[in-house]
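Take a look at the structure below.
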């Protein structure tokens with residue numbers, strides 16, 4: 001059984017929250033990377049505090065530069081940088097722990113939190129609120145052109161989510177969605193080709209509606 005890194009109390013299975021001291025434990029993570037401030041006043045502005053963001057360098061998969069607010073600890077990632085950080089900060093995962101995923105999300109955020117749309121630190125256009133990954137429980141603020149904003153603490157949540165197998169679930173969800181889309185596209189093309197009036201082939205004729213009906217039965221058998 002693992003112990004709390006703060007008070008050394010035993011941690012219940014499939015949880016990272018210590019019921020004795022209230023500290024969340026990042027169990028089995030390779031660790032949050034140390035960082036160095038390379039620019040204390042970048043041109044990018046915190047959407048929460050309206051002050052200049054720091055540019056920090058993380059030793060993750062080479063040199064990774066992201067923006068950080070020294071006041072609220074929010075982070076701004078250029079496109080693709082979150083994935084780079086997750087891949088470098090979490091050991092490879094091959095199984096999904098559904099119970100741990102549920103526990104991770106259970107006490108993270110208040111249920112009735114006020115919805116607030118934030119401006120992109122780069123272009124100052126309102127960002128979209130999007131759930132990052134299947135069952136992550138993390139709602140990110142995304143500018144399609146410039147990147148993703150995470151509130152303070154959300155990166156820890158995503159690290160825990162990946163360690164519990166959340167990224168595997170997300171990849172499976174995407175694959176299933178793509179497979180379903182391909183199947184629907186095939187069915188649509190098939191129906192278009194065969195749902196036609198009666199056609200003659202030499203001395204024989206084929207009823208398009210009959211062929212389409214047979215095809216529907218076949219589709220249902222193999223779904």
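Working only within region 119-134, note down all residues that are in contact with a strand residue (DSSP E or B) (Cβ under 9 Å, 6 or more places away or on another chain) and within 24 Å of residue 161 (Cα to Cα).
Once the filter is applied, which keeps residues that are in contact with a strand residue (DSSP E or B) (Cβ under 9 Å, 6 or more places away or on another chain) and within 24 Å of residue 161 (Cα to Cα), region 119-134 yields 127, 128, 129, 130, 131, 132.
In region 163-192, which residues are surrounded by 12 or more Cβ atoms within 10 Å (Cβ to Cβ) and within 30 Å of residue 92 (Cβ to Cβ)?
163, 164, 165, 166, 167, 168, 169, 170, 171, 172, 173, 174
Tell me the helices (runs of 4 or more DSSP H) entirely within region 119-223 that contain at least 3 residues that are modelled with pLDDT of 85 or more.
The qualifying helices (runs of 4 or more DSSP H) are 154-163, 166-194.
Considering only region 40-68, state which residues are within 14 Å of residue 151 (Cβ to Cβ) and in contact (Cβ under 8 Å) with a residue 60 or more places away in the chain.
Answer for region 40-68, where residues must be within 14 Å of residue 151 (Cβ to Cβ) and in contact (Cβ under 8 Å) with a residue 60 or more places away in the chain: 46, 47, 48, 53.
The values are calculated or read from the model by the stated rules, or taken from the named source; none is laboratory data. Small disclaimer: the values here were computed from a predicted structure and weren't measured. Neighbour counts run over all protein chains shown; Cβ positions are idealised from the backbone, glycine included.
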